[in-house]
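**Student:** Just dropping this structure here.
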Amino acid sequence: MPRPKNLQDFEIILKGGYHPSAPALAPEELQQTIRRGSNIWMRPGGKIETAKGISQVSSQNVGARIFGVDIVRVTVDGGLTSSRLPYVGFLRHDNGCYFFTGENTSSQVYFNESSVSGMTTASSAGLLRVSIPTGGGAFTTTNAGFDKPVLPSANVAIATSVDTNRNMNGRIGVALAPWRTKTNAIGPPSDPVYTNPTAGSGSVIRVTLPSPVSGQDGWIYCGTRWNDQGGELRVVRYIYLTVRGTFTATNGSANITAGVNTKFTQDLYRSDQLTIDGANYNILTVTSDSTCTINPVFGGVTGSGKTATVNIVDGSWVDQELGDIVSKNVQRPPRCAGVLKYSGRVFVWGCLSAASTDPTGPVIFPTIQDNPEHVPILGLSTASGSDLVNVLGGDGPLYLMTTTSLEVVSFTGDPSRPFNIRIVAYPGFVAATNGVLVTDAFYGYNGRPIRTRARENVDTEFAAPVWSDMTGWNPVRVMVAYDPKNQAVLYAYDDGAATIVIPFMVQQEQWSAPINLAARAIDWAVVSGELYLTYLSGGNYRVNKWEGGAGVSGYGSTQYLDPHLMTRDRLKILEATGKIQTLRVYAALPDTTVPDVSSSGAATASFTLSDVDKVEPMIKTNIAGAAFAFRVDLNTDGSFQKLIAGGLPRGER
């Protein structure tokens, strides 16, 4: 089709991103931006493509909260609490163990939408739990940490040792600290019980072990130096309540033999008392890791695969035999709102709330190094003194989201003052989902979109193009998530019936048009490089994969183009490139209301295109206007690259 003569062309490429807050006649610097749009992605170079819908990954009704833990989607049963998400925290620790907490009590935990046997939140809100694998996908779960035990003085006695070369002399204190071997959780030691062995007696200090508490599988036998009245406790020996491995015992024989995975030289001392098949025996000798002798001789049924539990232990030492100091400055974690792992260390946060019914508080506790189930006596309070809403940690500092501020925690390297905390932004946050970390950059919503990095100013201007779309958003319903595949920070708003998502394209430093979901997105998490969300529909919480479904129809429109820039006031031709279903033209006329480009019915003219990815044939037309906007409607796999609008110069018709 021949082109009309004397045409002046204007090339339209939507390379400036989504800018709905532009004035009706956008200034020159905004002419190539998107005025309105829906369900599209803005790509580098100005290309736009239709978005894909979400896809349900399981019909299992799970809880509102979702976490990405390694390659596992973790959800915790329980719905919204007064329109907000309940406080929950979840992480994987060493040896396949998990730490978690939850505001909702006795709630089931799901891995990839399947309930996990033996894994539920505590019966009291906010208690940290630890789950230890037992094999076959099942777990033993108990409240994390230990309380200070009591060692009755009647359980401590001086006895004569079979090893008379070890003479102890002077006032000596002994204590016990509870131990969970799988996580190396060492609780606070008991108050020491003092004895006074005399020189030349070849004596040992014999301790009858108290009953263990739930989840405990060991004790740390602690002792003071001779005549040390300061009460400093050091490790004397580690005690496994059930001796490691299995062995063979023979009726009428003192010999314990054929140990399988046993460590007798580490686990047993002479004169320790064991229980084997319900009867008590004392250790006479330990000859190797797999053999030892007992007294009296074994009176049970001969057999292999037997186990032994420890009832009474002996200890004797000289100064150089004492091990590491056992800290008294430890306690089990207090009630908390969340848990995270940062720089290889576990932190609990939202502790020490003002009232026992408050779901969160202002204090964060780091767990003891190499003792992740216990925290020091003193924690770190927020600089503002306000309650924590969430704590985020990535490659940079810790970001504390409080009810009044955003605060940053940095590590000083000074043992006397290891943490430095400062306020970087006001106001605060109302929901755990109000912020996300992308590498070391924080993106959040505290009544407006903000972003910052440590030691940088808080930026709110980046959100100026879309602020008109977000005005009126209730922060309690705002979620900020990261979509790694599209490299986009998603600002999502649940209005109680549906969800609108406005993406910020991180690498392009521009906004993309809204993506609309038909029901309520509640929480988001990245798992193995994929973004997932919990979705509330019909009273059920289901897990969906973001952009996991088929494409959805969408559209994008230009700003109203100023004819002073186009140097014409009458359109003659249109040439579109892309996979476009419909091209619509909106003409603004003098002294009339500017047509709404979000309404297809308000278009001055509409042209059905081929819906094939190509340069479309030239469209001849004759549309007058003081300013023009153009809209492309795209099918489920549509795209748009550019549009050439041609018109006659002013004075020519």
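**Student:** For SER271, indicate whether it is more than 28 Å from ALA175 (Cβ to Cβ) and either in the same structural domain as ALA159 (by TED's automatic domain parsing) or of a type outside the set (S, T, N, Q) (or both).
**Tutor:** Criteria not met by SER271.
Residue by residue, here is whether (1) at pLDDT 95 or above; (2) of a type outside the set (Phe, Trp, Tyr); (3) not assigned by TED's automatic domain parsing to the domain that holds ALA463 holds:
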| site | (1), (2), (3) |
| --- | --- |
| ASP387 | yes, yes, yes |
| ASN390 | yes, yes, yes |
| MET401 | yes, yes, yes |
| SER410 | no, yes, yes |
| PHE419 | no, no, yes |
| GLY435 | yes, yes, no |
| THR439 | no, yes, no |
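**Student:** Within the stretch 420-449, can you find the residues that are closer than 24 Å to THR360 by Cα and either in contact with an Asp or Glu (Cβ under 7 Å, 6 or more places away or on another chain) or aromatic (Phe, Trp, Tyr) (or both)?
**Tutor:** ILE421, ARG422, ILE423, VAL424, TYR426, PHE429, THR433, PHE442, TYR443, TYR445
**Student:** Further question on the same structure: With respect to THR246, determine if the residue is in the same structural domain as PHE298 (by TED's automatic domain parsing), without any contact (Cβ under 8 Å) to a residue 40 or more places away in the chain, farther than 25 Å from GLY323 by Cα and in contact with a strand residue (DSSP E or B) (Cβ under 6 Å, 6 or more places away or on another chain).
**Tutor:** So THR246 fails the test.
**Student:** Determine which member of the set ASP387, ASP314, ASP358 is buried (at least 19 other Cβ atoms within 10 Å of the Cβ), of a type outside the set (Ser, Thr, Tyr) and without any contact (Cβ under 8 Å) to a residue 40 or more places away in the chain.
**Tutor:** The conditions single out ASP387.
**Student:** Tell me which residues, restricted to the stretch 280-305, are out of contact with any Pro (no Cβ under 9 Å at 6 or more places or on another chain) and either of a type in the set (Lys, Arg) or under 19 Å from GLN266 (Cα atoms) (or both).
**Tutor:** ILE283, LEU284, THR285, VAL286, THR287, SER288, ASP289, SER290, THR291, CYS292, THR293, ILE294
**Student:** Filter the stretch 263-295 for residues that are surrounded by 16 or more Cβ atoms within 10 Å (Cβ to Cβ) and not in a strand (DSSP E or B) and give the result.
**Tutor:** Of everything in the stretch 263-295, those that are surrounded by 16 or more Cβ atoms within 10 Å (Cβ to Cβ) and not in a strand (DSSP E or B) turn out to be PHE264, ASP267, LEU268, TYR269, ARG270, SER271, ASP272, ASP289, SER290, THR291.
**Student:** Please verify whether THR367 is in contact with a Cys (Cβ under 9 Å, 6 or more places away or on another chain), surrounded by 14 or more Cβ atoms within 10 Å (Cβ to Cβ) and more than 23 Å from GLU456 (Cα to Cα), treating the condition exactly as stated.
**Tutor:** When the stated conditions are applied, THR367 does not pass them.
**Student:** For the stretch 241-253, check the following and say yes or no: at least one residue is outside any loop (DSSP other than H, G, I, E, B), closer than 27 Å to THR141 by Cα and aromatic (Phe, Trp, Tyr).
**Tutor:** no
The values are calculated or read from the model by the stated rules, or taken from the named source; none is laboratory data. Quick caveat: nothing in here was measured; it's all calculated off a predicted structure. For neighbour counting, all protein chains shown are included, and Cβ atoms are generated from backbone atoms with ideal geometry for every residue, glycine included.
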